[in-house]
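Only one structure is covered here, and it is reproduced in the block below.
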Amino acid sequence: LEEKLAKLENGYGASAFGTGMAATTSAISATMQAGDHCVISDCSYGGTNRSCREFFTPLGMEFTFVDFRDPENVKKAMKPNTKLVFSETPANPVSKIAKDGGAKHVVDATFATPVICRPLDWGADMVIQSLTKYYEGHNIMTGGAVISKDQALHEKVKWVQNVHGNIINPFAAYIIMQTSKTMHLRMRKQSENAMAENPKVTKVVYPGLASHPQKALADKYHRDGLHGGMLWFDIQGGSAAGTKLMNVCQRPWSLCENLGATESIITACAVMTHANMLKEDRLKVGITDGFIRISCGIEDSADLIRALEVALEQV
(Lines give C-alpha, C1' and ligand atoms only; values in the text may rest on other atoms or scores of the structure.)
Protein backbone atom coordinates (compact mmCIF):
# COMPACT_ATOMS: atom_id res chain seq x y z
CA LEU A 1 0.00 0.00 0.00
CA GLU A 2 2.77 2.44 0.90
CA GLU A 3 4.52 1.84 -2.42
CA LYS A 4 1.25 2.49 -4.27
CA LEU A 5 0.59 5.69 -2.33
CA ALA A 6 4.05 7.04 -3.11
CA LYS A 7 3.57 6.38 -6.82
CA LEU A 8 0.08 7.90 -6.94
CA GLU A 9 1.23 11.08 -5.17
CA ASN A 10 4.59 11.29 -7.02
CA GLY A 11 6.53 11.08 -3.76
CA TYR A 12 9.74 9.38 -2.65
CA GLY A 13 8.03 7.25 -0.02
CA ALA A 14 4.85 6.88 2.02
CA SER A 15 4.00 5.92 5.59
CA ALA A 16 0.54 4.44 6.24
CA PHE A 17 -1.19 4.89 9.61
CA GLY A 18 -4.28 3.64 11.39
CA THR A 19 -6.22 6.90 10.90
CA GLY A 20 -5.96 10.23 9.15
CA MET A 21 -5.34 11.98 12.47
CA ALA A 22 -2.49 9.58 13.22
CA ALA A 23 -0.95 10.68 9.93
CA THR A 24 -1.45 14.36 10.80
CA THR A 25 0.06 14.16 14.27
CA SER A 26 2.96 12.11 12.89
CA ALA A 27 3.72 14.74 10.23
CA ILE A 28 3.82 17.41 12.93
CA SER A 29 5.90 15.22 15.26
CA ALA A 30 8.42 14.52 12.49
CA THR A 31 9.04 18.19 11.76
CA MET A 32 8.58 20.05 15.05
CA GLN A 33 9.76 20.02 18.64
CA ALA A 34 9.40 22.23 21.71
CA GLY A 35 10.11 25.85 20.85
CA ASP A 36 9.17 25.49 17.18
CA HIS A 37 6.46 27.42 15.39
CA CYS A 38 3.91 26.40 12.74
CA VAL A 39 1.79 28.55 10.43
CA ILE A 40 -1.45 26.66 9.80
CA SER A 41 -4.67 27.27 7.88
CA ASP A 42 -7.44 28.68 10.04
CA CYS A 43 -9.97 26.44 8.29
CA SER A 44 -8.14 23.16 8.72
CA TYR A 45 -9.89 19.92 9.68
CA GLY A 46 -11.47 20.19 13.14
CA GLY A 47 -9.36 17.37 14.56
CA THR A 48 -6.19 19.01 13.29
CA ASN A 49 -7.19 22.31 14.87
CA ARG A 50 -7.85 20.63 18.21
CA SER A 51 -4.62 18.59 18.22
CA CYS A 52 -2.59 21.75 17.62
CA ARG A 53 -4.38 23.73 20.32
CA GLU A 54 -4.85 21.07 22.98
CA PHE A 55 -2.09 18.50 22.42
CA PHE A 56 0.96 20.09 20.80
CA THR A 57 0.72 23.57 22.32
CA PRO A 58 1.09 22.27 25.94
CA LEU A 59 4.25 20.48 24.72
CA GLY A 60 5.85 23.85 23.98
CA MET A 61 5.00 24.24 20.29
CA GLU A 62 3.41 27.39 18.86
CA PHE A 63 0.72 27.58 16.18
CA THR A 64 -0.52 30.63 14.27
CA PHE A 65 -3.83 30.14 12.46
CA VAL A 66 -4.19 32.37 9.40
CA ASP A 67 -6.32 32.75 6.27
CA PHE A 68 -4.34 31.03 3.51
CA ARG A 69 -6.47 32.52 0.74
CA ASP A 70 -4.03 35.44 0.75
CA PRO A 71 -0.39 34.23 0.70
CA GLU A 72 0.66 37.54 2.27
CA ASN A 73 -1.02 36.40 5.50
CA VAL A 74 1.26 33.35 5.53
CA LYS A 75 4.34 35.44 4.81
CA LYS A 76 3.54 37.88 7.64
CA ALA A 77 3.00 35.01 10.11
CA MET A 78 6.41 33.43 9.44
CA LYS A 79 8.92 33.63 12.31
CA PRO A 80 12.61 32.72 12.69
CA ASN A 81 11.55 29.53 14.52
CA THR A 82 8.88 28.52 11.96
CA LYS A 83 9.57 24.89 11.05
CA LEU A 84 6.28 23.92 9.43
CA VAL A 85 3.63 25.44 7.18
CA PHE A 86 0.42 23.41 7.22
CA SER A 87 -2.15 24.03 4.48
CA GLU A 88 -4.83 22.34 2.46
CA THR A 89 -4.81 22.19 -1.34
CA PRO A 90 -3.79 23.94 -3.50
CA ALA A 91 -0.16 24.29 -2.47
CA ASN A 92 1.77 26.89 -4.48
CA PRO A 93 2.78 29.72 -3.79
CA VAL A 94 2.71 28.81 -0.10
CA SER A 95 5.47 26.25 -0.76
CA LYS A 96 7.83 29.02 -1.85
CA ILE A 97 7.06 31.06 1.27
CA ALA A 98 7.81 28.01 3.44
CA LYS A 99 11.04 27.30 1.58
CA ASP A 100 12.21 30.91 1.80
CA GLY A 101 11.56 30.77 5.56
CA GLY A 102 13.46 27.50 6.04
CA ALA A 103 10.30 25.55 6.90
CA LYS A 104 8.72 22.40 5.55
CA HIS A 105 5.36 22.57 3.81
CA VAL A 106 2.78 19.86 4.46
CA VAL A 107 -0.52 19.78 2.58
CA ASP A 108 -3.63 17.91 3.65
CA ALA A 109 -4.95 16.90 0.22
CA THR A 110 -7.71 14.58 1.44
CA PHE A 111 -10.49 16.44 -0.37
CA ALA A 112 -8.62 16.51 -3.67
CA THR A 113 -6.82 13.14 -3.80
CA PRO A 114 -4.15 12.71 -6.49
CA VAL A 115 -6.98 12.39 -9.01
CA ILE A 116 -7.55 16.15 -8.75
CA CYS A 117 -4.34 17.64 -7.33
CA ARG A 118 -0.83 16.41 -6.49
CA PRO A 119 0.73 19.00 -4.16
CA LEU A 120 4.21 17.47 -4.37
CA ASP A 121 4.23 18.42 -8.05
CA TRP A 122 3.63 22.04 -7.00
CA GLY A 123 6.48 22.26 -4.46
CA ALA A 124 5.08 20.82 -1.21
CA ASP A 125 7.34 18.64 0.97
CA MET A 126 4.69 16.29 2.37
CA VAL A 127 1.14 15.29 1.58
CA ILE A 128 -1.35 14.01 4.15
CA GLN A 129 -4.20 11.75 3.07
CA SER A 130 -6.99 10.51 5.28
CA LEU A 131 -7.33 7.16 3.55
CA THR A 132 -10.65 6.74 5.38
CA LYS A 133 -12.17 9.16 2.88
CA TYR A 134 -11.80 8.95 -0.92
CA TYR A 135 -9.05 6.33 -1.07
CA GLU A 136 -11.15 3.84 0.89
CA GLY A 137 -14.45 5.31 -0.23
CA HIS A 138 -16.83 2.64 1.09
CA ASN A 139 -17.15 3.35 4.85
CA ILE A 140 -15.39 0.09 5.70
CA MET A 141 -11.91 0.91 7.02
CA THR A 142 -9.94 3.79 8.50
CA GLY A 143 -6.44 4.82 7.53
CA GLY A 144 -4.08 7.71 6.94
CA ALA A 145 -0.86 8.40 5.11
CA VAL A 146 2.03 10.84 4.89
CA ILE A 147 3.77 10.91 1.53
CA SER A 148 7.18 12.60 1.54
CA LYS A 149 9.01 14.25 -1.32
CA ASP A 150 12.55 13.17 -0.35
CA GLN A 151 14.33 10.38 1.47
CA ALA A 152 15.40 12.38 4.53
CA LEU A 153 11.87 13.51 5.35
CA HIS A 154 10.44 10.08 4.62
CA GLU A 155 12.86 8.50 7.10
CA LYS A 156 11.83 10.99 9.81
CA VAL A 157 8.16 10.16 9.33
CA LYS A 158 8.96 6.44 9.27
CA TRP A 159 10.81 6.80 12.58
CA VAL A 160 7.78 8.48 14.17
CA GLN A 161 5.54 5.74 12.77
CA ASN A 162 7.73 3.09 14.37
CA VAL A 163 8.07 4.84 17.74
CA HIS A 164 4.35 5.65 18.04
CA GLY A 165 3.24 2.26 16.75
CA ASN A 166 0.68 3.94 14.51
CA ILE A 167 1.13 1.70 11.48
CA ILE A 168 -2.01 0.69 9.59
CA ASN A 169 -3.24 -2.86 10.22
CA PRO A 170 -2.65 -5.36 7.36
CA PHE A 171 -6.33 -6.05 6.67
CA ALA A 172 -7.20 -2.36 6.38
CA ALA A 173 -4.23 -1.91 4.06
CA TYR A 174 -5.47 -4.78 1.91
CA ILE A 175 -9.00 -3.38 1.69
CA ILE A 176 -7.76 0.10 0.77
CA MET A 177 -5.50 -1.43 -1.86
CA GLN A 178 -8.65 -2.83 -3.49
CA THR A 179 -11.02 0.13 -3.06
CA SER A 180 -8.48 2.63 -4.36
CA LYS A 181 -8.63 0.91 -7.75
CA THR A 182 -11.93 2.68 -8.45
CA MET A 183 -11.02 6.01 -6.87
CA HIS A 184 -10.62 7.80 -10.19
CA LEU A 185 -14.02 6.57 -11.37
CA ARG A 186 -15.72 7.51 -8.12
CA MET A 187 -14.14 10.97 -8.08
CA ARG A 188 -15.48 11.71 -11.54
CA LYS A 189 -19.02 10.70 -10.63
CA GLN A 190 -18.87 12.52 -7.30
CA SER A 191 -17.69 15.68 -9.05
CA GLU A 192 -20.60 15.40 -11.48
CA ASN A 193 -23.09 15.06 -8.64
CA ALA A 194 -22.29 18.43 -7.05
CA MET A 195 -25.49 20.53 -7.07
CA ALA A 196 -26.53 24.13 -6.37
CA GLU A 197 -30.20 25.18 -6.24
CA ASN A 198 -32.95 25.57 -3.61
CA PRO A 199 -34.81 28.67 -2.32
CA LYS A 200 -34.15 27.76 1.34
CA VAL A 201 -30.42 27.65 0.68
CA THR A 202 -28.86 31.08 1.16
CA LYS A 203 -25.38 30.33 -0.18
CA VAL A 204 -23.69 27.49 -2.04
CA VAL A 205 -19.89 27.15 -2.18
CA TYR A 206 -18.23 24.76 -4.63
CA PRO A 207 -14.98 25.40 -6.53
CA GLY A 208 -16.58 24.21 -9.76
CA LEU A 209 -19.17 27.03 -9.72
CA ALA A 210 -18.53 30.30 -11.54
CA SER A 211 -19.69 32.06 -8.36
CA HIS A 212 -16.76 30.70 -6.35
CA PRO A 213 -14.27 33.52 -5.61
CA GLN A 214 -11.30 31.23 -6.31
CA LYS A 215 -12.67 29.47 -9.38
CA ALA A 216 -9.66 30.51 -11.50
CA LEU A 217 -7.29 29.10 -8.89
CA ALA A 218 -9.21 25.81 -8.82
CA ASP A 219 -9.10 25.61 -12.61
CA LYS A 220 -5.33 26.11 -12.51
CA TYR A 221 -4.51 23.43 -9.94
CA HIS A 222 -7.27 20.87 -10.37
CA ARG A 223 -6.66 18.19 -12.97
CA ASP A 224 -8.97 17.26 -15.86
CA GLY A 225 -11.54 19.91 -14.96
CA LEU A 226 -12.59 17.98 -11.84
CA HIS A 227 -13.38 19.82 -8.60
CA GLY A 228 -14.35 16.99 -6.27
CA GLY A 229 -17.53 15.95 -4.53
CA MET A 230 -17.36 18.33 -1.56
CA LEU A 231 -19.53 21.43 -1.28
CA TRP A 232 -21.39 23.34 1.39
CA PHE A 233 -24.42 25.53 1.70
CA ASP A 234 -25.87 27.81 4.35
CA ILE A 235 -29.40 27.08 5.48
CA GLN A 236 -31.79 29.67 6.91
CA GLY A 237 -32.53 29.13 10.60
CA GLY A 238 -29.05 28.39 11.93
CA SER A 239 -28.16 25.33 13.99
CA ALA A 240 -31.79 24.50 14.81
CA ALA A 241 -32.63 24.30 11.09
CA GLY A 242 -29.43 22.36 10.43
CA THR A 243 -30.24 19.83 13.13
CA LYS A 244 -33.78 19.41 11.82
CA LEU A 245 -32.48 18.88 8.31
CA MET A 246 -30.23 16.12 9.61
CA ASN A 247 -33.21 14.47 11.31
CA VAL A 248 -35.54 14.51 8.30
CA CYS A 249 -33.19 13.90 5.37
CA GLN A 250 -33.85 10.46 3.90
CA ARG A 251 -31.99 7.99 1.68
CA PRO A 252 -29.99 8.00 -0.45
CA TRP A 253 -28.41 10.55 1.93
CA SER A 254 -26.47 9.25 4.93
CA LEU A 255 -25.94 11.14 8.18
CA CYS A 256 -22.42 10.79 9.59
CA GLU A 257 -19.14 12.67 10.02
CA ASN A 258 -17.29 10.82 7.28
CA LEU A 259 -16.84 12.00 3.70
CA GLY A 260 -15.61 10.74 0.36
CA ALA A 261 -17.66 7.53 0.34
CA THR A 262 -19.78 6.00 -2.41
CA GLU A 263 -22.79 7.05 -0.30
CA SER A 264 -23.72 10.73 -0.29
CA ILE A 265 -23.23 12.19 3.19
CA ILE A 266 -24.80 15.27 4.74
CA THR A 267 -23.35 16.91 7.86
CA ALA A 268 -24.27 19.87 10.07
CA CYS A 269 -20.72 20.93 10.88
CA ALA A 270 -21.49 23.36 13.72
CA VAL A 271 -22.91 20.54 15.87
CA MET A 272 -20.90 17.65 14.43
CA THR A 273 -17.45 17.79 12.78
CA HIS A 274 -16.46 21.22 14.12
CA ALA A 275 -18.33 21.21 17.42
CA ASN A 276 -14.99 21.10 19.27
CA MET A 277 -13.85 24.40 17.76
CA LEU A 278 -14.32 27.61 19.70
CA LYS A 279 -17.45 29.27 18.30
CA GLU A 280 -15.64 32.52 17.55
CA ASP A 281 -12.94 30.62 15.63
CA ARG A 282 -15.58 28.62 13.76
CA LEU A 283 -17.51 31.74 12.73
CA LYS A 284 -14.29 33.51 11.78
CA VAL A 285 -13.55 30.93 9.09
CA GLY A 286 -17.12 30.94 7.78
CA ILE A 287 -18.53 27.83 9.48
CA THR A 288 -21.85 29.35 10.43
CA ASP A 289 -24.53 27.76 12.61
CA GLY A 290 -26.42 26.84 9.42
CA PHE A 291 -23.38 25.46 7.61
CA ILE A 292 -24.29 22.18 5.88
CA ARG A 293 -21.49 20.08 4.37
CA ILE A 294 -22.24 17.80 1.45
CA SER A 295 -20.10 14.87 0.36
CA CYS A 296 -21.56 13.68 -2.94
CA GLY A 297 -21.55 9.95 -3.57
CA ILE A 298 -22.12 8.02 -6.76
CA GLU A 299 -25.92 7.65 -6.62
CA ASP A 300 -28.22 9.00 -9.31
CA SER A 301 -28.13 12.79 -9.02
CA ALA A 302 -31.91 13.09 -9.54
CA ASP A 303 -32.53 10.88 -6.48
CA LEU A 304 -30.18 12.99 -4.38
CA ILE A 305 -31.80 16.25 -5.43
CA ARG A 306 -35.31 14.92 -4.86
CA ALA A 307 -34.54 13.65 -1.33
CA LEU A 308 -32.82 16.90 -0.37
CA GLU A 309 -35.70 18.99 -1.68
CA VAL A 310 -38.19 16.94 0.36
CA ALA A 311 -36.07 17.43 3.48
CA LEU A 312 -35.67 21.16 2.93
CA GLU A 313 -39.44 21.55 2.60
CA GLN A 314 -39.76 20.28 6.19
CA VAL A 315 -37.30 22.77 7.65
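Structure data summary
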quantity	calculated
Entries of Lys133/Lys203; Lys181/Lys220; Lys158/Lys220; Lys76/Lys284; Lys149/Lys284; Lys79/Lys203 with Cα pairs more than 29 Å apart	Lys158/Lys220; Lys149/Lys284; Lys79/Lys203
Dipole magnitude (debye, nearest 20) for segment 1-128, charges at Cβ of Lys, Arg, Asp, Glu	140
Prolate/oblate/rounded label for segment 34-95 (Cα gyration tensor, a/c 1.5)	oblate
Cα gyration tensor, segment 1-104 - rounded (a/c under 1.5), prolate or oblate	oblate
Segment 165-300 - percent of accessible surface contributed by carbon and sulfur, probe 1.4 Å	55
Whether segment 66-202 is rounded, prolate or oblate, judged on the alpha carbon gyration tensor where a/c under 1.5 counts as rounded	oblate
Solvent-accessible area per residue for the chain (1.4 angstrom probe, square angstrom)	43
Carbon/sulfur fraction of accessible area - segment 17-143, other protein chains in place, 1.4 Å, %	53
Highest-MSF residue in the chain out of Ser41, Ser51, Ser295 [GNM, Cα springs under 10 Å]	Ser51
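The values are calculated or read from the model by the stated rules, or taken from the named source; none is laboratory data. Note that the structure is predicted; figures quoted are calculated from it, not measured. Quick reminder, even Gly has a Cβ in these numbers, built from the backbone with ideal geometry, and neighbours come from all protein chains shown. All accessible areas refer to the heavy atoms of the entire protein, side chains included, with ligands and DNA or RNA removed. Shrake-Rupley method; radii C 1.70, N 1.55, O 1.52, S 1.80 Å.
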